[in-house]
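Quick notes on the structure that follows.
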Amino acid sequence: MVNITVNSQIISVKEKTYILEAAKKQSIDIPALCWQPGLEPHGACRLCLVEIEKSGRKRMVTSCNYPVEEGLIVRTNTEEVVKTRKIIIELLLARCSTNKKIQELAEKYGVTESRFEKKEEDCILCGLCVRVCREIIGKEAIGFSGRGIYRKVTSPFEQPPQECIGCGSCAFLCPTGAIKIENGLNMRKIAEINCEIPLVFCQYCGRPIAPLRQIEFLKEKTSLPEDIFYTCAECKRKNYARRLIAMSSKR
Amino acid sequence: MKIKNSSELKNYYENLIIKTSKREKRTIVLSMGTCGIARGASDILNSIKKEVRKRKLHNRVEIRVTGCHGFCEVEPFLIIYPQGIFYCKLQPADVRQILMESIEKNNIIERLLYTDEKGKKIIKETDIPFYKKQMRLLLGSNRFIDPANIDDYIAQGGYQSLSYVLGNMQPEEVIEEIKKSGLRGRGGGGFPTGRKWELCRRAPEFPKYVICNADEGDPGAYMDRGLLEANPHSIIEGMIIGAYAIGSNYGYVYVRNEYPLAIHHLNIALQQARDYGFLGDDIMGKDFYFDIEMVKGGGAFVCGESTALIASIEGKPGEPRAKYIHTVEAGLYGKPTNINNVETWANVPLVIKNGWQRYSKIGTETSKGTKIFSLVGKIKNSGLIEVPMGITLKQIVFDIGGGIANSKRFKAIQTGGPSGGCLPEAHLDLPVDFDSLSEAGSMMGSGGMIVMDEDTCMVDVARYFVNFLKEESCGKCVPCREGLSAMFEILTRITEGNGKHEDMDLLEEISFAMKNGSLCALGTTASNPVFSTLKYFRDEYIAHIEKKRCPAGVCKNLVHYEIMSDACRGCGACLKICPVSAIQGEKKKPHSIDDTKCIRCGECFEVCKFSAVRRK
Amino acid sequence: MREKEYLFNNANKIDEILVKHGMNRSRIVAIMQDIQNEFGYLPEKNLKYISMKLQTPLSQIYSIATFYRAFSLKPRGKHLVTVCLGTACHVRGGARIVESIQKMFDVKPGEKTKDGLLSLETVNCLGACALGPVVVVDGKYHGHITISRLERIVKGILNENKK
């Protein structure tokens, strides 16, 4: 364990944890859009900037990827930190001028209006979608393309991604709601990444369960009986109940 | 043939020297770097070859093709040794006369000599004022070296530093020597080289890598191209010495894809170094293996940043890494990695050869040795120069550069590429070293020096760099990507005459956030060109914003061309040159410009002999 | 039939390149450079092929292909005009040269003319700064270029084509 001081509060944390994690455990508020427990820190949104002091020298670092050290002094709300953070939020608000989540964030940190030219993007390029697909799902169906101001998240050649299993983890983690899942009659559609995959229906009630490729993926990963994959949650519950009743009545 | 130890190298060197001293042939040295070739040096070479054949001069003359010597302004040029006669601004037609007069006979052709400011003809290259104030420790031997021939390098004493190091020094002693010399990284960062090596040597993991950063991305800078094209072995030798000191067996040179000739020469040099046994197993008879692989860049400025460069070598997009751990501890493939710039590596053999005492006598208190700059822009003598650290900007611009071209007035000097800034006349007395220029809001950087005159618009220059960076940034972090995008929009509206007074504050606020918040050095320094022009040339911003005027006459929307009918003779020169046919008029009658078609290229303004075209 | 043969030959060429680089995943940028040199651009099917052969996700390859400027996913024109936009060239009027070429030949930077004969590209610095403004036409460097001289050069190579 090492001791660090965050906003004059001394806390004891496990070695090798990052400042942001340590602060979160103490309910100290540091905004972060590209950070997610379980994923490698990305350091892209830069909202989690804090000031650190080490042997008398101060500097600004991103707390999501700065590991704690004994005696480290962290300040999350110095004048400079707040000013930098506000301009970064203002820049994000200009990029996503109509996005509700970004508007809420801006309001929370005291940015009411962006003085820069407004655009109507939803994606902030935090990369959570790309990283969850790579680090957790292991598929790397989507990635970044281009660079500089032309950078964006896309599937290869902007075509339906072959590796995508349609699990929707990308949409689930997206902090701004830029990626949306649409379950149609027969297909699951994730338009932002050009994904369109047939759904599998419950063998009992006919309701959609999950995309076909996701089921195949899960079958490969686990050794559960086949039947489970083709039964929706509701029917599974009913089946268990039925079996239970049958078992009790036999007795 | 392998050279197996220091005495073999010594013998080989002595034989080379004896061979040259016995030679009775004259040598024609032709500078054929990329710039020389662009100026027609290949045609000159072909004519020389043809004439030599025709005149059967094989036994009397030898041709040596070298890299760039530095004085690009007067290319193509050649030097005839042993006399050292320097002929410049050559045409293929001149070759015949040169061979007749200066090779077959002993005459000097006056008209092909360099003429200085006062009209005096100068015979020897070294007597030209451009070279006089320079200290050419690295570039000086370029004229003796055919980069495709390792023997030329050895004849200049090449690989003797390596031989000395391997024969007489422990790795720690090499590091100590470099530390004492005061050598600092020439790529722009200025980190003490010896300390970097030491950190990398001490890092516990293996293997260790050494990398030469030859991804010279700063626009307006070509020092590294010059060295790679002209003297690649000096870099290779430096890397081998560094690898020995650090304890590394694997090296990489990461070269820009835009430098085909440099890549070609480096490839040849690496192969020759392997053939001679300077790379590979048991170098100079010592139990030491080291080899170098060349990696071509993909055309991305950000790859000059060390962690982006590493990502690129690993076969990934060149995105800087978001980690607070130095590459000397965890770099390429997560292993200790020492990255130095081309010029830094080239300095290493020199430090060893001269000893740290002599080396550290050159320069200032904190910056030792010489520095190569590419002196370009609106300057009379463009070219690569090498000067001792601490020389003033004024000496560079006026004594070496010969002042501003076309009798215009000096306005600014831009150093440090997109991470640097523009300094006005008042700062010309600043000494050029790692620290002084930074204090003034610019930086020495890797060595680009772009001179600007009264016809350069500083708002346009700021917009140029922001435009450059918005496409060259990797786009990963918000302040850099969105900040550059916002800055570009603001600067564009200022140059179009739609700027507002608050825009200058906005630019400063974005600068602040980018400096504090960006992920890598590209972003933290990206606002320097904007910040420095706002600081020193604020009046130009104000003229654009308030008076809707571009004082330099550059910003298209704020400039109009018209033909004054009383001055126009109707010669038709402008009509002929206009690329978009925006000029009409009958012969011998005043012409006129259709403003809706005009693209403000200024060609008519330049071509008019009667000053009838007015820019306002 | 013909197409099959082409595909086969093509794959052969790519295999050659892959083998030359020891099927090494980390040399993917170099592999892609070789493909670019071979075909003048990166054909989609070849990228899919190397993705399979090197067992590298296509998304990674696509990222690399769109990140580095040396790569092009579309075939280039028969002739290539590259205008240098380094700082030294900029202060000597590089941007105007791009604009004039754009207007004269109706082609945008990064694209080719409708007849496919001419591609216009810009580069951030060729390191031939003393000669600014610099333009490279089909590999040949032209220093101190003027708009009218460049027009003559480009029209010259285009006319040769018509003959």
Accessible area of B:S581 in the full protein assembly, 1.4 Å probe (Å², nearest 10): 80 Å²
If you take every residue apart from A:F116 with its C-beta less than 14 Å away from the C-beta of A:F116, what net charge results, scoring Lys and Arg +1 and Asp and Glu -1? -3
Stretch B:E508-B:K22 to full length: gain in nm at 0.36 nm per residue minus the Cα-Cα span? 168.3 nm
Relative contact order for the stretch A:46-194 using alpha-carbon pairs under 8 Å, separation at least 6, rounded to a whole percent? 15 percent
Which helices count as membrane-span-like in chain A under these terms: full DSSP H, at least 20 Å along the axis by C-alpha, Kyte-Doolittle mean of -0.5 or more? A:79-95
For the stretch B:390-397, Karplus couplings with θ = phi - 60° (6.51, -1.76, 1.60), whole Hz, Gly/Pro x: x, 5, 8, 4, 4, 4, 5, 5
Charge dipole of the stretch A:128-242 built from unit charges on the beta carbon (Lys, Arg +1; Asp, Glu -1), centred at mean Cα; most positive-end Cα among A:N186, A:C164, A:C205 is A:C205
Provide A:R243, B:R136, B:R202 ordered by accessible surface of protein heavy atoms (probe 1.4 Å), highest first. B:R202, A:R243, B:R136
Cα centroid separation - the stretch A:6-81 against the stretch B:43-78, whole Å: 64 Å
The stretch B:207-255 versus the stretch B:413-444: alpha-carbon centroid distance in Å: 26 Å
Suppose every K and R has +1 on its Cβ and every D and E has -1 on its Cβ; what is the size of the dipole of the protein assembly as shown about the Cα centre, in Debye to the nearest 20? 1600 debye
For the pair B:H326 and A:N7, how long in nm is the line joining their label points, each one 7 Å along Cα→Cβ? 3.3 nm
Percent relative contact order for chain B, counting Cα pairs under 8 Å at least six residues apart, stands at 12 percent
Toward the positive end of the charge dipole of chain B, about the Cα centre and with charges on Cβ (Lys, Arg +1; Asp, Glu -1), which of B:M564, B:S102, B:A612 goes farthest? B:S102
Let me check I've understood the local charge: for A:S8, count other residues with C-beta under 12 angstrom from its C-beta, Lys and Arg +1, Asp and Glu -1. What total comes out? 0
Tell me the mean residue ellipticity at 222 nm calculated for the protein assembly as shown from its helices only (DSSP H runs of n ≥ 4, each -39500 (n - 2.57), averaged over every residue, nearest 500). -11000 deg cm²/dmol
Cut-off 12 Å (backbone N to label point 7 Å along Cα→Cβ of B:D43), residues of the stretch B:79-112: B:90-95
So if R0 is 51 Å, what FRET efficiency would A:K86 and B:M100 give, r being the distance between their Cβ atoms, rounded to the nearest 0.05? 0.10
List the lysines whose Cα sits under 18 Å from the Cα of C:K13, skipping any in the same chain fewer than 8 residues away. C:K4, C:K45, C:K48, C:K53
Using θ = phi - 60° and Karplus 6.51 cos²θ - 1.76 cosθ + 1.60, couplings along the stretch B:496-502 (whole Hz; Gly, Pro as x): 8, x, 10, x, 10, 5, 5
For a label point 7 Å along the Cα-to-beta-carbon line of B:K394, residues of the stretch B:110-152 with backbone N under 18 Å: B:133-134
Order by accessible surface, 1.4 Å probe, largest leading, for residues B:Y333, B:Y464 comes to B:Y333, B:Y464
Once all protein chains are kept in place, A:W35 shows an accessible area at probe 1.4 Å, nearest 10 Å², of 50 Å²
Using modelled backbone amide H atoms (1.01 Å from N, in-plane), which distant-in-sequence or interchain residues come within less than 5 Å of B:M294's amide H? B:V253
Rounded to the nearest 10 Å², the 1.4 Å probe accessible area of A:L47 is 0 Å²
FRET efficiency, 1/(1 + (r/R0)^6) with R0 41 Å, evaluated for C:D138 and A:E117 via beta carbons: 0.55
Hey, rough spin-label estimate for B:Q91 and C:L73, points 7 angstrom out along Cα→Cβ, what's it come to in nanometres? 5.0 nm
With +1 on the Cβ of every Lys and Arg and -1 on the Cβ of every Asp and Glu, and nothing else charged, how large is the dipole of the stretch B:82-197 about its Cα centre, in debye rounded to the nearest 20? 620 debye
Put B:Y289, B:Y244 in order of accessible area, largest first, probe 1.4 Å, and you get B:Y289, B:Y244
Report, in listed order, any pair from A:K180/A:K219; B:K180/B:K470; B:K548/C:K140 with a Cα-Cα distance greater than 30 Å. B:K180/B:K470; B:K548/C:K140
How much FRET efficiency would the formula 1/(1 + (r/R0)^6) give for A:T78 and A:K14, where r is the Cβ-Cβ distance and R0 is 30 Å, rounded to 0.05? 0.70
Which of C:G22, C:G93, C:G40 moves the most in a Gaussian network model of chain C with Cα springs under 10 Å? C:G22
For the stretch B:150-359, give the magnitude of the charge dipole about the Cα centre (Cβ charges: +1 Lys/Arg, -1 Asp/Glu; no others), in debye to the nearest 20. 600 debye
What whole number of Å gives the distance from the Cα centroid of the stretch C:97-163 to the Cα centroid of the stretch B:543-616? 24 Å
Once you put a point 7 Å from the Cα of B:A567 and another 7 Å from the Cα of B:K133, both along the Cβ direction, what distance in nm separates them? 3.5 nm
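The values are calculated or read from the model by the stated rules, or taken from the named source; none is laboratory data. Quantities reported herein were computed from a predicted structural model and do not represent experimental measurements. Backbone-built Cβ (ideal geometry, glycine too); neighbour counts: all protein chains shown. Surface areas here come from the heavy atoms of the whole protein model, side chains and all, with no ligands, DNA or RNA. Shrake-Rupley method; radii C 1.70, N 1.55, O 1.52, S 1.80 Å.
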